[in-house]
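See below for the structure under consideration.
Readers should treat all values here as calculations from the given coordinates under stated rules, not as data from a laboratory. None of these values were measured; they are calculated from a predicted model. All Cβ positions, glycine included, derive from the backbone under ideal geometry; neighbour counts span all protein chains shown.
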Amino acid sequence: MKPRQRQLLWIAAAVIVALIWGFYSADGPQTTAVLAGTVRAATLLALGAMCGMIGERSGIVNIGIEGQFLMSAFFAFTVTSMTGSLFMGTIAGVATGLTMGWLLAAMAVGLKVDQIIAGTVLNIAALGLTSFFYDRSRSLGVTKYTNIDLGPLADIPLVGTVFFSRPPITYLTMALLVVVHIALFRSVWGMRTRAIGEHPGAADTVGIDVLRLRYLNVTLAGGFAGLGGSYLALEAVGTFSRAMSGGRGFLALAVMIFGRRTPFGAYAAALVFGFTTALQNQFQLKNTFDIPPQFVGMLPFVVTIVVVALSGLVGSMRDPAALGQTYEKG
Amino acid sequence: MTELLLAARNVTKRFPGVLANDDVSVELRPGRILALLGENGAGKSTLVNVLFGMYRPDGGEIVIKDEIVDLRGPDDAISRGIGMVHQHFQLVPPMSVVENIVLGAEPTKLGLVDLDEARVRVVELSERYGLEVDPDALVEDLPVGMQQRVEILKALYRNADVLILDEPTGVLTPQEADHLLRVLRGLTESGVGIVFITHKLREVLAIADDIVVLRAGRVVGATTPTQATETGLAEMMVGRSVALRVEKTVAQPGDVVLQVKDLKVDDDRGQLAVDGVNLQVRSGEILGVAGVEGNGQRELVEAITGLRHTSAGEITINGESLANSSTRQVAQTGVGHIPEDREKHGIVAVYSLAENSVLNRYYRQPFSNRGIMRREVIHEHAEAVVDEFDVRTPNVTVSVSSLSGGNKQKLIVGREFSEDIELLVAAQPTRGIDIGAIEFIHRRIVEQRDRGAAVLLVSAELDEILSLADRIAVLYDGKLMGVLKASLANRESVGLLMAGITG
């Protein structure tokens, strides 16, 4: 990152903190609610973005995150409802995500299907299958994941409620951001992953098995989307409903791009997008403006378009050079 | 010292329809430099790819250090001490020098890549072998000469005692090439054996201990620099006597045809690639543009031929201002273009030879009438081109993709020359084609000059510039370093300008 960009980021951060402080002084509960909602929405986007970035860093586009969310949410919900265990449901969600990831890898890496088409297959399959098998009479049967206070940290005003009094998958996501960051930029796996996304031929000549690593990464990445599905069904909502992922898998891709395919960047971007979702929820709840709810509901997506368009202007945001291309040896 | 480092014994490799290596045997001993000489398509690259484990041979055996081996892949070859510097560098541009060198063989500490340890080893290696390079620079910011050092260090880092270099000097200035040859000589002193692939005779004689010449997949001769001459080697490569120098008379320059004024052009990444270039080409002369590749030549040519927008300056052809015109407008003012990338800009591979022969004027009389193409006329024209330009093909209806590189190039030249052109822009006109076709195309370019065309010749092969051009312009970092009279220029003077050194 260039010094000028770094400077801009600090200024932006300072402005945001000042604004939050101002609003908090004016209306404490309202501000807390919006910010808590921001983190809630950001968790799902961050998980999706991590799924996307592991794939894209290895050279594989994953537009099937939406489908991975939905399918995982379905199985997380169903298994919990059958076993009565949130934990088993979460595991089922992650396993579903891994399976969906494996499916994408089998198509995009193994069979060299066009990656956009492979991702679309996941989306359509997930929507169709979950809608068909969804049983309206079924319910979760247990209470969804509840907030866990992190000791004295939870007592800090505003920050405590927003960050340190959250349900388990949210904490897990924050930990995963750190893990993925270290793995991507410091570990052998990360170095090789970035290499196969930029120049698979170079990786091949030093003995790295490009196709195998891509297969592994795309499958593994599915696990993150799977956790996202579990989060959606078992922590955020507490039930399953038709098409409940509601475009957030695509939003996660925007978050990933805006966050420059880095975990922390993506989380910052997820908070921005999460904020628009939270704000929109508050607007609808309080009926602040006399605007049809459909228009207010557009807010996150309008922001997506504006932000993605703007991000092109912000400067060099280069895709991995081999993104979207199948690799042929020799 | 008699230990055999690397050898191919009776290696045969077939590809569909081609016998790429036919019973080839070569040997490399410690401290020796083996030059593999041959034209494009002679089987040099296939042979080294077999030695490096990229291809499996269909017959014969590979010996590494007195042991017959069965290589399963490049990693197998690497672990046995074979290092390869590919013609197209195998580096990851956004990663640092150190990261590129250790990729695939990363030192670790607590499960993470230990870049500090790696850096220490890289610096030590680069000092020992005189391969200075900034270990923390990003590869994408390095000039090609430096990138090549990274490639060599990559092999040395893996303790290679055999180094295979595929056409390593193609991207270097003459001075850089000399430095490379010195580095290689230094490496042999520590017992490393080197396989050096090239088609440049001068280098072979300067560096090799042993020379093996390949033609059409077979070994046609083995010799040493003391016994060989340039003419002798050229004949061995081609299989008949060849003229190494182009016969031409003194140029008779006429009026200015192409005038370029203060031209500025951006490259694909939006960076300034041509930076205020001024030049003139007169009818009846060849202006050669020399320079290491990537110094703005491509952008200059594309701006002149209408393939790329300019950001400032003027381009006039016969007094007509043509900057930012379409390629068709440029062609219609009498400009012929032999493009650098023949597959991308020169031909449409899936079209027939006949269709390709009229790509620049299929829409005009007599080839089209009211929007309908006239098959017979086009075929007649194609047959005339095939005859006159010696394109080897069964007939004119075959798809162009079935032709060899040299024949594709002759077809392009034939197409561009079949109308009287006033300006010829020839970019790398003989890249990757056989010596026979090179001779032919060189002769035709000189003919165009003598007929009165102005010729702008861009080439990365300095020898080509020196033998064809009447005046030589040198580009470095997008700027014109100077224009020399060819009669006063030599490798050294042009080479210094190519490295950006003036005065």
>> Using a 7 Å offset from the Cα along the Cα-to-Cβ direction at both A:Ile156 and A:Gln325, what is the distance between the two label points in nm, to one decimal?
In response: 4.6
> Between B:Lys479 and residues 5 or more places away or on another chain, which pairs have amide H atoms under 5 Å apart, with H built 1.01 Å from N, and which residues are they?
Replying inline: B:Asp275
>> Using only the alpha-carbon atoms, what does the stretch B:352-418 span along each of its principal axes? Please give whole angstrom values in decreasing order.
In response: 35, 21, 16
>> I need the per residue convex hull volume for chain B, using only the alpha carbons, in cubic angstrom as a whole number.
In response: 167
> Using all Cα-Cα distances in the protein assembly as shown, what percent lands in each 20 angstrom bin from 0 up to the longest?
Replying inline: 13, 37, 33, 16, 2
>> I need the fraction of alpha carbon pairs in the stretch B:212-292 separated by more than 18 Å, rounded to a whole percent.
In response: 67
>> Averaged across A:202-212, how many Cβ atoms of other chains sit within 10 Å of each residue's Cβ atom?
In response: 6
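For every helix of n ≥ 4 consecutive DSSP H residues, a contribution of -39,500 (n - 2.57) applies; sum these over chain B, divide by its total residues, and give [θ] at 222 nm rounded to the nearest 500 deg cm²/dmol. Numbers along the way, then the final one.
Numbers: 16 runs with 157 residues, N = 503.
That calculation yields -9000 deg cm²/dmol at 222 nm.
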>> Can you compute the charge dipole magnitude of the stretch A:94-156 about its Cα centre, using +1 on each Lys and Arg Cβ and -1 on each Asp and Glu Cβ, nothing else charged? Give it in debye, rounded to the nearest 20.
In response: 260
> In the neighborhood of B:Val63, defined by Cβ-to-Cβ distances under 13 Å, what is the net charge if each Lys or Arg adds +1 and each Asp or Glu adds -1?
Replying inline: -2
> Given H placed 1.01 Å from N in the peptide plane, which residues other than close sequence neighbours of B:Leu4 have an amide H under 5 Å from its amide H?
Replying inline: B:Asp66
> Within the stretch B:6-238, what percent of beta bridges assigned by DSSP are antiparallel, to the nearest 5?
Replying inline: 55
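Beyond 21 Å between alpha-carbons counts as too far, so tell me which of B:Lys264/B:Lys479; B:Lys44/B:Lys200; B:Lys248/B:Lys485; B:Lys344/B:Lys408; B:Lys264/B:Lys410 fall in that bin. Present the calculation step by step, with values, prior to reporting the outcome.
Working: B:Lys264/B:Lys479 10 Å; B:Lys44/B:Lys200 13 Å; B:Lys248/B:Lys485 15 Å; B:Lys344/B:Lys408 12 Å; B:Lys264/B:Lys410 32 Å.
Beyond 21 Å between Cα atoms: B:Lys264/B:Lys410.
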> Between the stretch B:125-196 and the stretch B:440-491, how many Å separate their Cα centres?
Replying inline: 30
> Once the stretch B:89-156 is represented by equal point scatterers at the alpha-carbon sites, with solvent omitted, what log10 I(q)/I(0) does the Debye formula produce at q = 0.22, 0.23 Å⁻¹?
Replying inline: -0.87, -0.95
> Say the dipole of the protein assembly as shown comes from +1 at the beta carbon of Lys and Arg and -1 at that of Asp and Glu; which of B:Gln280, B:Leu263, A:Thr31 then lies farthest toward its positive end?
Replying inline: A:Thr31
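Considering only DSSP states other than H, G, I, E and B, which GluC sites (Glu not before Pro) in the stretch B:398-436 qualify as loop sites with at most 15 other Cβ atoms within 10 Å? All intermediate terms of the calculation are to be shown ahead of the outcome.
Working: sites: B:Glu416, B:Glu419, B:Glu422; in loops: B:Glu419, B:Glu422.
Hits after loop and neighbour filter: B:Glu419.
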> Which whole-Hz couplings ³J(HN,Hα) result when phi for each residue of the stretch A:12-23 is put into the Karplus expression 6.51 cos²θ - 1.76 cosθ + 1.60, θ = phi - 60°, listed in order with x for Gly and Pro?
Replying inline: 4, 4, 4, 4, 5, 4, 4, 4, 4, 4, x, 5
>> I'd like the Karplus ³J(HN,Hα) series for the stretch B:22-38: coefficients 6.51, -1.76, 1.60, θ = phi - 60°, whole numbers in Hz, and an x wherever there's a Gly or Pro.
In response: 10, 6, 8, 10, 9, 9, 10, 10, x, x, 10, 10, 9, 9, 9, 10, x
> How do B:321-330, B:74-83 rank on mean C-beta neighbours within 10 Å, highest first?
Replying inline: B:74-83, B:321-330
> By per-residue mean of other Cβ atoms within 10 Å, what is the highest-first order of A:43-53, A:9-19, B:102-112?
Replying inline: A:43-53, B:102-112, A:9-19
> Within the stretch B:245-342, which GluC sites (Glu not before Pro) sit in a loop by DSSP and count at most 10 neighbouring Cβ atoms inside 10 Å?
Replying inline: B:Glu247
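What share of Cα pairs, in percent, lie more than 23 angstrom apart in the stretch B:409-503?
Details: 1268 of 4465 pairs.
Every Cα pair in the stretch B:409-503 considered, those over 23 Å come to 28 percent.
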>> Students often forget the sequence filter, so: which lysines lie under 22 Å Cα-Cα from B:Lys154 once same-chain residues fewer than 8 apart are removed?
In response: A:Lys329, B:Lys65, B:Lys109
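Ranked by Cβ crowding within 10 angstrom, fewest neighbours first, how are A:His199, B:His88 ordered?
Least crowded to most crowded, the residues run B:His88, A:His199.
Find the relative contact order for chain A and round it to a whole percent, using C-alpha pairs within less than 8 Å whose residues are 6+ positions apart. Mind dumping the intermediate values first?
Values: 543 pairs, mean separation 109.2, N = 330.
For chain A, the relative contact order is 33 percent.
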> Which of the listed residues, B:Phe367, A:Leu232, A:Val142, is farthest toward the dipole's positive end in the protein assembly as shown, when Lys, Arg count +1 and Asp, Glu count -1 at the beta-carbon?
Replying inline: A:Val142
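Quick check on packing: order A:149-161, B:476-488, B:403-415, B:353-365 by the mean number of other C-beta atoms within 10 Å, highest mean leading.
Numbers: A:149-161: 13.7, B:476-488: 16.8, B:403-415: 23.2, B:353-365: 19.0.
Averaged packing, sorted descending, gives the order B:403-415, B:353-365, B:476-488, A:149-161.
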> When only alpha-carbon atoms count, how far does the stretch B:6-238 stretch along each of its three principal axes, as whole angstroms with the largest first?
Replying inline: 53, 38, 31
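Using the reciprocal of the averaged 1/r over all distinct C-alpha pairs, how large is the Kirkwood radius of the stretch B:353-490 in Å?
Final number for the Kirkwood radius of the stretch B:353-490 is 16.5 Å.
Over all directions, average the projected area of the Cα convex hull of chain A and note it in nm².
Numbers: hull surface 72.7 nm².
Spelled out: convex hull of the Cα atoms, projected over all directions, averaged, 18.2 nm².
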